[in-house]
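Engineer: Structure in structure tokens, see below.
The values are calculated or read from the model by the stated rules, or taken from the named source; none is laboratory data. All figures in this text were calculated on a predicted structure; none of them were measured in a lab. FYI the Cβ positions are ideal-geometry reconstructions off the backbone, even for glycines, and counts take in every protein chain you see. Calculation scope for accessible area: heavy atoms of the full protein, side chains included, ligands and nucleic acids excluded. Shrake-Rupley method; radii C 1.70, N 1.55, O 1.52, S 1.80 Å.
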Amino acid sequence: MEHILIIGGGGTGAALAHDLTLRGFQVSLFEKGEYFSGATGRHHGLLHSGGRYAVGDAEAARECIEENRILRRLAPEAIEQNDGLFVALNDEDVEFSIRFLKACERAEIPTNVLTPQQALACEPELNPDLKLAIQVPDAAFDAWRLPLHFLATARVHGAQLHHFTEVIGIHRSAGTVTGLRVLDHTTGHERDVAGDLVVNATGAWAGRITAMVDVEVPIRPGPGVMVAIAKRVTNMVINRLHPAGEGDIIVPQRKFSVLGTSLWLAEDPDKEETPHDHIQRMVELCTEMVPAVRHIAKHSAWSASRPLIGVGKYENPQQISRTFDCFDHQVKDQLEGFISIIGGKATTLRAMAEKTADVVCSKLGRDIPCRTKTTPLVSYRKFYKYDGQ
């Protein structure tokens, strides 16, 4: 069976390794650092219902609710199935709720409208002046454990996984990519790896990989700041009921709460900053939804780069779709044997892998259906305990 080389050990690469091994391919994955050390391990851990995107990004909303249901079934160990509330704090938010409910209905996202009294009974720390709240099937998940289910299952099924192994070159001959040159950072040794297809699954770093073979993808790093405060102020995910913006999400994570997220456009995902004014802005904006936030000590603050696609079409980066796309570079750039998967969200990692694996099968003339919607995942703990037997 053909040998597929995956560049990138984040959530998408992990899910793709899982999908391709189930379809019978030989798989080798290369990650330049620790697994999930890029954006995958640094987001707020929100399993989207799709509600956040229902009004302005219907395609992403439908993708999220479908994958939400699948992941709850496949990886319950990594998910706190706690639901979420979109809260209206003023008349403008209430007016937006009409569009929101209609858009959720079109995307088949379940909703439940709560009175202020009902919302406060669920979450007493909410702003007591809220006008209404809408319950949706958001959830919180562990940013490492969820993708580790996929990586562990891929390993059990034979995938060869290599972390701290950086791709430093891409080999090509007669218009076809034939393999990779990799550097093992643990030994300092370089080696060549031959493959039948190479998949670029590096998220915000995708443009850096395609530059090695003189092609481009429409990707732009979109960093955002998140702040963890040292108390779990709510048990449900809290969202502001307005068009998606900054500082309008609070995600409970164990004994903490993660406030987020700001957004700006950058050129280099390795040169992320965590501006102090962004930290303060996240606190102030989230305080509007939950006043207690203002008085709780900050535990930590960090940034992570979203892999945003189609940036050039929008003045406001908040308007950029959170959907994903897969590029066969033979079609796009007349370069055979090279595929890039870009965009998307942690919630849609499985769907991104399915679409990419379908492209792999099509290119290799293989009619092998996807099985990841129904095949059970092994425990994330198996990743550390698996002995190859």
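Engineer: Every residue in the range 350-366 that is open to solvent by 10 Å² or more (accessible area, probe 1.4 Å) and either in contact (Cβ under 8 Å) with a residue 60 or more places away in the chain or over 19 Å from V198 (Cα atoms) (or both), please.
Structural biologist: Correct list: A351, E354, K363, L364, R366.
Engineer: Of all the residues that make up the range 136-165, how many are open to solvent by less than 20 Å² (accessible area, probe 1.4 Å) and over 17 Å from A353 (Cα atoms)? Steps first, please.
Structural biologist: Looking only at the range 136-165, we keep the residues that are open to solvent by less than 20 Å² (accessible area, probe 1.4 Å), and these are 136, 138-141, 143, 146-154, 159, 165.
Still in the list and also over 17 Å from A353 (Cα atoms): 136, 138-141, 143, 165.
Selection size over the range 136-165: 7.
Engineer: Another question, if that's okay. Take the range 168-191 and flag every residue that is part of a loop (DSSP other than H, G, I, E, B) and over 27 Å from D328 (Cβ atoms).
Structural biologist: Scanning the range 168-191 gives H185, T186, T187, G188.
So that you can scan it fast, the table gives a plain yes or no per residue for (1) outside the structural domain of L183 (by the TED database); (2) closer than 23 Å to P376 by Cα; (3) assigned to a helix (DSSP H, G or I):
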{"site": "K32", "(1), (2), (3)": "no, no, no"}
{"site": "Y35", "(1), (2), (3)": "no, yes, no"}
{"site": "E63", "(1), (2), (3)": "yes, yes, yes"}
{"site": "E66", "(1), (2), (3)": "yes, yes, yes"}
{"site": "L71", "(1), (2), (3)": "yes, yes, yes"}
{"site": "V87", "(1), (2), (3)": "yes, no, no"}
{"site": "E92", "(1), (2), (3)": "yes, no, yes"}
{"site": "F96", "(1), (2), (3)": "yes, no, yes"}
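Engineer: R99 fails exactly one of the following numbered conditions: (1) surrounded by fewer than 17 Cβ atoms within 10 Å (Cβ to Cβ); (2) modelled with pLDDT under 95. What is the number of that condition?
Structural biologist: Among (1) surrounded by fewer than 17 Cβ atoms within 10 Å (Cβ to Cβ); (2) modelled with pLDDT under 95, R99 violates only (2).
Engineer: Test N90 against the criterion of being over 21 Å from the mean Cα position of the chain (by Cα), surrounded by 13 or more Cβ atoms within 10 Å (Cβ to Cβ) and not small (G, A, S), and give yes or no.
Structural biologist: yes
Engineer: Also, quick follow-up: When you scan the range 105-134, how many residues do you find that are under 26 Å from V293 (Cβ atoms) and either touching a Ser or Thr at 6+ places or on another chain (Cβ under 7 Å) or acidic (D, E) (or both)?
Structural biologist: 5
Engineer: Oh, and also: If you check every pair at least six apart or on different chains, which have Cβ atoms under 7 Å apart with a residue in the range 327-349 that is over 17 Å from V217 (Cβ atoms) first and a residue that is β-branched (V, I, T) second?
Structural biologist: If the second residue must be β-branched (V, I, T), the pairs left are A346/T40; L349/T12.
Engineer: Return yes when G169 is modelled with pLDDT of 95 or more and either on the phi > 0 side of the Ramachandran plot or buried (at least 16 other Cβ atoms within 10 Å of the Cβ) (or both) and no when it is not.
Structural biologist: Values: modelled with pLDDT of 95 or more: yes; either on the phi > 0 side of the Ramachandran plot or buried (at least 16 other Cβ atoms within 10 Å of the Cβ) (or both): no.
Against the criterion (modelled with pLDDT of 95 or more and either on the phi > 0 side of the Ramachandran plot or buried (at least 16 other Cβ atoms within 10 Å of the Cβ) (or both)), G169 does not qualify.
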